Amino acid sequence: SNTTEELILQKLKTNILLVAIPLFIVIVIISLFLNKNLKTKVDKNEQLIKKEKNFWNSRAIEDPLTKLPNRLLLHNDLRSALAEANRMNSHVGIIFFDLDGFKQVNDQHGHQTGDLLLAEVAKRLVEYVRPGDKVIRYGGDEFIIIFNNLESRLELEGLIERLSEQINSPFDINGQTLNIRASIGVTFYPLDGSNDPEVLISHADEAMYVAKKLGKNQTYWYC
């Protein structure tokens, strides 16, 4: 009869709902769980990508041996120093710094010892300079120091004299006492006459080579 059929249909609908509703809830829960896991994985991957990007960016501008900035930042750092000197009516000292006898250290004690010596030299330079000054590894055993906001040439002369004392003090590398000296080329802004970072660096470099030719272990001023 119609009544029996209706009862059967009603019961069937009820049974379907009893199965469908929990199934729907389970599907929703699984979807939420999967989405959460997917979001976690996406976030984790994004963090890894960001971390790797930061790592390679830092490697691009940082010398891996000494942890100093490399020459890629040099022009920007020097340009900033010059702009600040113009604002403050102060001076900038650009120091081109080259180790004397470093090849002999490598030849006598090996490149590993030479690398450790470079790292220690860099550490001393960073500890020595004032806040705001910049120490940059230019390449090999060459460093550039930018002394910011100087009042006078006399102030820079004092800083360089104490810098030489720092480098001339013996280094203890793996139980070996090593002595190293440095040839230093200097130019002084704005007396140099140029406000081009590349030109100023080349002037300090030229002065350093004159110091080498004059017998090493000394300072020569371009300006």
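The values are calculated or read from the model by the stated rules, or taken from the named source; none is laboratory data. Source: prediction; values computed, not measured. Virtual Cβ from ideal backbone geometry, glycine too; neighbours counted across all protein chains shown. Please note that ligands, DNA and RNA were not included when accessible areas were found on the heavy atoms of the full protein model with its side chains. Shrake-Rupley method; radii C 1.70, N 1.55, O 1.52, S 1.80 Å.
Annotations
- Yes/no for residue 59 being at pLDDT below 70 and within 53 Å of the chain's Cα centre (by Cα): yes
- Selection of region 96-112 for residues being in contact with a strand residue (DSSP E or B) (Cβ under 8 Å, 6 or more places away or on another chain) and either among the charged types (D, E, K, R) or modelled with pLDDT under 95 (or both) yields 97, 98, 100, 101, 105, 109.
- Residue list for region 67-76, filter: basic (Lys, Arg) and either open to solvent by less than 30 Å² (accessible area, probe 1.4 Å) or in a helix (DSSP H, G or I) (or both): 71
- Filtered residues of region 146-198 (kept if among the β-branched types (Val, Ile, Thr), surrounded by 14 or more Cβ atoms within 10 Å (Cβ to Cβ) and either under 16 Å from residue 93 (Cβ atoms) or over 26 Å from the mean Cα position of the chain (by Cα) (or both)): 146, 160, 184, 186, 187
- Selection status of residue 162, touching a helix residue (DSSP H, G or I) at 6+ places or on another chain (Cβ under 9 Å), in contact (Cβ under 8 Å) with a residue 12 or more places away in the chain and more than 17 Å from residue 188 (Cα to Cα): yes
- Among the candidates 87, 79, residue that is open to solvent by 90 Å² or more (accessible area, probe 1.4 Å), modelled with pLDDT of 90 or more, more than 30 Å from residue 209 (Cβ to Cβ) and assigned to a helix (DSSP H, G or I): 87
- Close pairs from region 15-38: first aromatic (Phe, Trp, Tyr), partner open to solvent by 80 Å² or more (accessible area, probe 1.4 Å), Cβ under 6 Å, at least 6 apart: none
- Scan region 199-216 for residues that are open to solvent by less than 80 Å² (accessible area, probe 1.4 Å), touching a residue at least 60 places away in the same chain (Cβ under 8 Å) and not small (Gly, Ala, Ser) and the total you get is 6.
- Residues that are at pLDDT below 95, more than 24 Å from the chain's Cα centre (by Cα) and among the acidic types (Asp, Glu) do not occur anywhere in region 124-136.
- Restricting 102, 143 to residues that are open to solvent by less than 30 Å² (accessible area, probe 1.4 Å), of a type in the set (Phe, Trp, Tyr) and under 23 Å from the mean Cα position of the chain (by Cα) narrows the list to 143.
- Qualifying positions in region 106-116 - more than 26 Å from the chain's Cα centre (by Cα) and either closer than 21 Å to residue 144 by Cα or open to solvent by 30 Å² or more (accessible area, probe 1.4 Å) (or both): 107, 108, 109
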